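In what follows, a single structure is set out as structure tokens and then discussed.
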Amino acid sequence: MLALTSATGKLGSAVISSLLSDFNSIIPPSDLVICTSSDPLSPQFAPLAAKGATIRPMTYDSPASMVSAFAGCTALFLVSSPRISMDFNAAPPGQGREAHHMAAIDAARKAGVQHIYYSSLAFGFKAGTPMDTSLASVMTAHLRTEAYLASLTDISYTSVREGLYSESWPLYLGYYEPEHDDRAEIVVAGDGKISWTSIADMAFCTAAILAAPREEWAGRMCYLSQRRALTLEEVAGVVGSVKGRKIGLKVVGRGEYERYYVEERGREGDAVRWWSSTYAALEAGECEVEQPLLEDMLREAGKVPKRLEETIKEMLA
């Protein structure tokens, strides 16, 4: 049986949907245990339960609830904790979101889980090589979690470094607001190529990894990104084209970026300061992923990667 977390999150729900629609002949719904911090009796889970999936409650703050949720499962798909505030202010090791991840990993070990698929993030790629360092604070908890998994000898794991969501372009493009943003110039703290990848494409390939024989992926770090990459300046150009007006990019220092978004745009300070380091990673080339895995997996299934331009047009429609 396979346990899955973050059932209502963007990636987690998309992976579950792909497992049910694309791989149900390999992993039947009755072998899926959906672990959620929401009410398991909520109507949103009724379709999953009707198909035979088991819905169990759990929270990252309760190790006992996770042990119960993972009981009887041989594998776990662990999606990173959404509580990003734990990472703010340079959280010391063991006190960022990795605290949630480590608690889930330990609960899985206690419950008898044999393999963990960890949903990491596609930063830390340079000159064709995955790295165990990153300039981006958003990657810190992922790296600490990967290191913890690598230190264990009683359980195997696969690290799936999920590509940077195409659907998240507004966050990178200066907290852009698709419905009513009228800025002609977007302030950012750096620019670089990003291998934008749609959630649907990542979810399909992630589900394929979960459905494959465990030994095929054990001990591997997989980047699920398409290779076509666009800079933020190019993204701004696409947005401007769709909106019928020119939108430019203004690159400033990190301090000025933080001041602008906190003082002039009303953003929460700790969150902006945590996020601002992302741009140094972009400039260092960490997000231009040149691995063919996702494209190869999609091609074998008769699919092609969704282009960022299509996602932008849909979100601005």
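Just need a number here: residues in segment 106-119 that are out of contact with any strand residue (DSSP E or B) (no Cβ under 6 Å at 6 or more places or on another chain) and either buried (at least 23 other Cβ atoms within 10 Å of the Cβ) or outside any helix (DSSP H, G or I) (or both). Break it down into steps so the answer makes sense when it comes.
If we filter segment 106-119 for residues that are out of contact with any strand residue (DSSP E or B) (no Cβ under 6 Å at 6 or more places or on another chain), which is where we start, we get 106-107, 109-112, 114.
So of that shortlist, the ones also either buried (at least 23 other Cβ atoms within 10 Å of the Cβ) or outside any helix (DSSP H, G or I) (or both) come out as 107, 112, 114.
Of the residues in that region, 3 qualify.
Within segment 168-204, can you find the residues that are under 15 Å from the mean Cα position of the chain (by Cα) and under 14 Å from L230 (Cβ atoms)?
S168, W169, Y172, I194, S195, W196, T197, S198
Being in a loop (DSSP other than H, G, I, E, B) and either under 21 Å from I116 (Cβ atoms) or of a type in the set (A, V, I, L, M, F, W, C) (or both) is the filter here, so list the residues in segment 1-27 that pass it.
Within segment 1-27, the subset in a loop (DSSP other than H, G, I, E, B) is 1, 5-9, 23-27.
M1, T5, S6, A7, T8, G9, F23, I26, I27, listed by residue number.
Report yes if some residue within segment 40-57 is hydroxyl-bearing (S, T, Y), within 20 Å of the chain's Cα centre (by Cα) and surrounded by 15 or more Cβ atoms within 10 Å (Cβ to Cβ); otherwise report no. Even if it seems obvious, please write down each step before you answer.
The initial filter retains those residues of segment 40-57 that are hydroxyl-bearing (S, T, Y), namely 42, 54.
The next check asks that each one be within 20 Å of the chain's Cα centre (by Cα); those that pass are none.
Within segment 40-57, not a single residue is hydroxyl-bearing (S, T, Y), within 20 Å of the chain's Cα centre (by Cα) and surrounded by 15 or more Cβ atoms within 10 Å (Cβ to Cβ).
What are the pairs with Cβ atoms under 6 angstrom where one residue, in segment 58-85, is touching a residue at least 24 places away in the same chain (Cβ under 8 Å) and the other, located anywhere, is surrounded by fewer than 17 Cβ atoms within 10 Å (Cβ to Cβ) and not small (G, A, S)? Sequence gap at least six, or different chains.
V67/K110; G72/M1; C73/M1; T74/Q114
Could you say which residue among Y261, Y279, Y257 is out of contact with any helix residue (DSSP H, G or I) (no Cβ under 6 Å at 6 or more places or on another chain), within 28 Å of E179 (Cα to Cα) and among the hydroxyl-bearing types (S, T, Y)? Break it down into steps so the answer makes sense when it comes.
On the way: Y261 fails: out of contact with any helix residue (DSSP H, G or I) (no Cβ under 6 Å at 6 or more places or on another chain); Y257 fails: out of contact with any helix residue (DSSP H, G or I) (no Cβ under 6 Å at 6 or more places or on another chain).
Among Y261, Y279, Y257, only Y279 is out of contact with any helix residue (DSSP H, G or I) (no Cβ under 6 Å at 6 or more places or on another chain), within 28 Å of E179 (Cα to Cα) and among the hydroxyl-bearing types (S, T, Y).
Answer yes if at least one residue in segment 158-170 is surrounded by fewer than 20 Cβ atoms within 10 Å (Cβ to Cβ) and over 30 Å from P57 (Cα atoms), and no otherwise.
Scanning segment 158-170, I find at least one residue that is surrounded by fewer than 20 Cβ atoms within 10 Å (Cβ to Cβ) and over 30 Å from P57 (Cα atoms), so the answer is yes.
Before we move on, is L294 part of a helix (DSSP H, G or I) and buried (at least 17 other Cβ atoms within 10 Å of the Cβ)? Quick ask: steps written out before the conclusion?
Details: part of a helix (DSSP H, G or I): yes; buried (at least 17 other Cβ atoms within 10 Å of the Cβ): yes.
Considered against the rule, which asks whether it is part of a helix (DSSP H, G or I) and buried (at least 17 other Cβ atoms within 10 Å of the Cβ), L294 comes out as yes.
Filter segment 124-149 for residues that are touching a Lys or Arg at 6+ places or on another chain (Cβ under 8 Å) and part of a loop (DSSP other than H, G, I, E, B) and give the result.
Of everything in segment 124-149, just one residue is touching a Lys or Arg at 6+ places or on another chain (Cβ under 8 Å) and part of a loop (DSSP other than H, G, I, E, B), namely G124.
L135 fails exactly one of the following numbered conditions: (1) out of contact with any strand residue (DSSP E or B) (no Cβ under 9 Å at 6 or more places or on another chain); (2) free of Cβ contacts under 8 Å to residues at least 60 places away in the same chain. What is the number of that condition?
(2)
Please enumerate the residues belonging to segment 275-290 that are assigned to a loop (DSSP other than H, G, I, E, B) and more than 17 Å from the chain's Cα centre (by Cα). Even if it seems obvious, please write down each step before you answer.
Taking segment 275-290 first, the residues assigned to a loop (DSSP other than H, G, I, E, B) are 277, 284-290.
Listed by number, the residues that qualify are S277, A284, G285, E290.
Residue-wise test of (1) touching a residue at least 60 places away in the same chain (Cβ under 8 Å); (2) over 24 Å from E162 (Cβ atoms); (3) touching a Leu at 6+ places or on another chain (Cβ under 9 Å).
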residue	(1), (2), (3)
G255	no, yes, no
A284	yes, no, yes
E295	yes, no, no
K303	yes, no, no
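Would you mention how many residues in segment 227-255 are closer than 19 Å to F88 by Cα and over 26 Å from the mean Cα position of the chain (by Cα)? Explain how you work it out, then say what you get.
Quick first cut of segment 227-255, residues closer than 19 Å to F88 by Cα only: 254-255.
Among the residues that remain, those that are also over 26 Å from the mean Cα position of the chain (by Cα) are: 255.
Looking only at that region, the number is 1.
Restricting to segment 150-174, count the residues that are assigned to a helix (DSSP H, G or I), in contact (Cβ under 8 Å) with a residue 12 or more places away in the chain, farther than 21 Å from A208 by Cβ and not hydroxyl-bearing (S, T, Y). Before you say what the answer is, go through the steps one by one.
Filtering segment 150-174 down to residues assigned to a helix (DSSP H, G or I) leaves 150-151, 166-172.
Now drop any that are not in contact (Cβ under 8 Å) with a residue 12 or more places away in the chain, which leaves 166-167, 169-172.
Okay, now just the ones that are also farther than 21 Å from A208 by Cβ, so 169-172.
Then drop every residue that is not not hydroxyl-bearing (S, T, Y), which leaves 169-171.
Adding up the residues that qualify gives 3.
Considering segment 255-276 alone, what residues qualify as being buried (at least 16 other Cβ atoms within 10 Å of the Cβ), in contact with a Ser or Thr (Cβ under 8 Å, 6 or more places away or on another chain) and charged (D, E, K, R)?
E258
Would you confirm whether or not segment 175-195 contains a residue that is in contact with a helix residue (DSSP H, G or I) (Cβ under 8 Å, 6 or more places away or on another chain), of a type in the set (S, T, N, Q) and not in a strand (DSSP E or B)?
No: zero hits.
Every read-out reported here was derived from the displayed coordinates using simple, explicitly stated rules and does not represent laboratory data. Just so you know, these numbers come straight off a predicted model, no measurement behind them. Note that each Cβ is placed from the backbone with ideal geometry, even for glycine, and that neighbours are counted across all protein chains shown.
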